[in-house]
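Encoded as structure tokens, the structure appears first; notes follow it.
The values are calculated or read from the model by the stated rules, or taken from the named source; none is laboratory data. All of these numbers come straight from a predicted model, not from anything done at the bench. Cβ atoms come from the backbone with ideal geometry, glycine included; neighbour counts cover every protein chain shown. Keep in mind that these areas ignore ligands, DNA and RNA; they rest on the heavy atoms of the full protein, side chains included. Shrake-Rupley method; radii C 1.70, N 1.55, O 1.52, S 1.80 Å.
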Amino acid sequence: MTQFSRRTFLKHLALASGASWLTSSLLGCSSPTAAPTNRTPIEFLHGVASGDPQQNSLLFWTRVSPAQPLGGVQLLLEVSTSADMRQLVHTELVLAKADNDYCIKVDLSGLSPATDYYYRFRDQQHSSAVGHGRTLPAQRPEAVRMAVLSCSNYPAGYFHAYREVATQPLDVVLHLGDYLYEYAMGEYGTEQASALGRELAADNSKEMLSLTDYRKRYSLYRTDADLQAAHQAHSFICVWDDHEITNDAWTDGAENHQPEEGSYQSRKLAALQAYYEWMPIRPLVSGQQQSLARRFDFGDLVSLCMLDTRIEGRMQQLDYASFSDADQGLDSGSFLQALQNPERTLLGPQQQSWLLQQVLSNQAIYQVLGQQVLMAKMWLPAQALAALGKPGPELAAQLHQLAQQGTAGQKLLPYNLDAWDGYPAERELIYQAAMKAGQPLLVLAGDTHNAWASSLHSGNGNKVGIELATASVTSSGIEDYLKLDSKALRQLEQDLVQLMDELDWCNLEQRGYLLLNFTASQLTAQWFGLDTVKAARYQSQLLHELKFSPALTKI
């Protein structure tokens, strides 16, 4: 099958649209004094955003809505060092084209490190909100504060987590994917959408397949006031996961793509085009490979590598059903042989080579990997895996009994083959590079909708780092699948810690976000949870806090 790498995607997209959603500019090189006049009134219904901060550059985004269709809308971008926009350092005329869904991104370089910038887009009569972004520090900062988010399903509930993040004093926000979901009304996560007033648009209520479908879904999500507030307040660093295209995607297919839905590659190309149009992400980073993978250095305090474990190089997920039959059950020998195949990859050879080079050459105090799926070993007794198809209190009771018995002598198998557990040889390569570099890894993850903290160990048992995973913004997790009440969930959390050697803590019930504070002497991780995403009124609370030394040992 034809493989569409990000390099190929950008080539096709450049041919189609001239990559005209992005304008690259140098500070001070353009200075018109008057805002343009358009032939029809315009609105800024989708807010503003900044993203992909570097030490001397920042990307600014907006989308404009003209009252009447135009080939393009002229706007004036203003950038200031003051929130009142009186200390202008850059002004520039830009064009939001209809061909790019009236989205515009300006990649402005020549900025100062560790500096707050404020920006807006306008014409003579209408102005966007004023957004805020911050460049990365060139020298070691006293601290770096970042929020980590993932899995925001609009019909599933209110985006309270975004509202909370908007109010936090932060250097940057990391979004680890599933920024939106492809499903139709009546499918996953939409059960209470009507009651919440969060139905999909009438002209976009089916599963997303075409470029128009994906654009309209982004348009709906970006009208959410809480999501707009988060983007307006902070610069985002983003990666996609599967639902930006469709569920359980891999390079050449997906669980939720059927032959009657047309070409998967065409669908993927459409989805990624909409992603680049609507997200504050830089398509190309000078000096790095043509991949979503890219690096952000906060002085020599934090080096953040963002990875694509979903689209660029992922091989198809293994499936227990392919190694089982009704009479003999699981052929564990054949399964483990396939699982341990050294050729199995999440990253692909080019991204893998880039990541290993980054790990081996890292000079920062903290080496951080921002990516989508759990890296920790999440293995359960085989008999528990066999029962996973029958969720409910009986399964929880079985897991509790197994936890009391212990796992000694039990045959253990990975429960989530979509995660790094389905690609253990490549994971081990990363661990070996970290050990060779003498630098522990801090891995960040989303995807599962629940919160996790784990210790990471190589195949020979050496600790190589920790993994901190955020809960979802709205998407339901294990608690919904198992249909357990809060008391039963607390017990299950304890049982899973007993059953899974690397797991140190988890929360299986609440939506929320992860807040990280890095200093030269300490890392503090705080998981915040929401009491509900099903009502407009809510409360946020600190669920759990962990502190680590720079060696990533608990304090």
Subject >> Calculated from backbone phi, Karplus (6.51, -1.76, 1.60) coupling profile of region 538-554 in Hz, x at Gly/Pro >> reply: 8, 10, 10, 9, 6, 7, 6, 9, 10, 10, 9, 6, x, 7, 6, 9, 5
Original post:
For region 460-555, which trypsin sites (Lys or Arg not before Pro) are in a loop by DSSP, counting at most 10 other Cβ atoms within 10 Å?
Top reply: Arg537
Original post:
Considering only Gln228, Tyr415, Val130, whose Cα is most displaced toward the positive end of the charge dipole of the chain, charges sitting on Cβ of Lys, Arg (+1) and Asp, Glu (-1)?
Top reply: Val130
Subject >> Set Lys487/Lys554; Lys105/Lys483; Lys206/Lys483; Lys463/Lys534 screened for pairs whose C-alpha atoms are more than 32 Å apart >> reply: Lys105/Lys483; Lys463/Lys534
Subject >> Given charges at beta-carbon only (K, R positive; D, E negative), |dipole| of region 214-365 in Debye >> reply: 780 debye
Subject >> Simple Cβ-charge dipole of region 43-186, Lys/Arg +1 and Asp/Glu -1, about Cα centre, in debye nearest 20 >> reply: 200 debye
Original post:
When ranked by the protection proxy of mean other Cβ atoms within 10 Å per residue, highest first, what sequence do the peptides 88-96, 451-459 form?
Top reply: 451-459, 88-96
Subject >> Percent carbon-and-sulfur accessible area, the chain, ignoring ligands, DNA and RNA, probe 1.4 Å >> reply: 48 percent
Original post:
For region 291-345, with only Lys/Arg (+1) and Asp/Glu (-1) charged at the beta-carbon, what is the dipole magnitude about the Cα centre, in debye rounded to 20?
Top reply: 300 debye
Subject >> Qualifying GluC sites (Glu not before Pro) for region 121-182 [loop in DSSP, other Cβ within 10 Å: at most 12] >> reply: Glu142
Original post:
What is the calculated FRET efficiency for Ala382 to Arg86, with r their C-beta to C-beta distance and R₀ = 60 Å, to the nearest 0.05?
Top reply: 0.35
Subject >> Per residue accessible area in Å² of the chain, where ligands, DNA and RNA are left out and the probe is 1.4 Å >> reply: 38 Å²
Subject >> Approximate spin-label separation Asp325-Lys436, in nm, with each point projected 7 Å along Cα-to-Cβ >> reply: 4.3 nm
Original post:
Hey, how many Å between the Cα centroid of region 295-365 and the Cα centroid of region 43-89?
Top reply: 37 Å
Original post:
Rounded, prolate or oblate: which one fits region 463-521, using the alpha carbon gyration tensor with axes a ≥ b ≥ c (rounded when a/c is under 1.5, else prolate when a/b beats b/c, else oblate)?
Top reply: oblate
Original post:
Rounded, prolate or oblate: which fits region 477-555, taking a ≥ b ≥ c as square roots of the Cα gyration tensor eigenvalues, rounded meaning a/c under 1.5, else prolate when a/b beats b/c?
Top reply: oblate
Original post:
To the nearest Å, what is the center-to-center distance of region 400-473 and region 166-182, using C-alpha atoms only?
Top reply: 23 Å
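Which shape class applies to region 151-306: rounded if a/c is under 1.5, otherwise prolate when a/b exceeds b/c and oblate if not, where a ≥ b ≥ c are the square roots of the Cα gyration tensor eigenvalues?
Cα axes put region 151-306 in the oblate bin.
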Subject >> region 55-70 - phi-based ³J(HN,Hα) in whole Hz, Karplus 6.51/-1.76/1.60, Gly and Pro as x >> reply: 5, 10, 8, 7, 9, 10, 10, 7, 10, 10, 10, x, 5, 10, x, 10
Subject >> Using θ = phi - 60° and Karplus 6.51 cos²θ - 1.76 cosθ + 1.60, couplings along region 95-103 (whole Hz; Gly, Pro as x) >> reply: 10, 8, 8, 4, 4, 10, 6, 6, 8
Original post:
Which of the listed residues, Trp452, Gln68, Ile466, is farthest toward the dipole's positive end in the chain, when Lys, Arg count +1 and Asp, Glu count -1 at the beta-carbon?
Top reply: Gln68
**OP:** Using just the helices of the chain, give the 222 nm mean residue ellipticity in deg cm²/dmol: DSSP H runs with n ≥ 4 each add -39,500 (n - 2.57), and the total is spread over all residues, rounded to 500.
**Re:** -7000 deg cm²/dmol
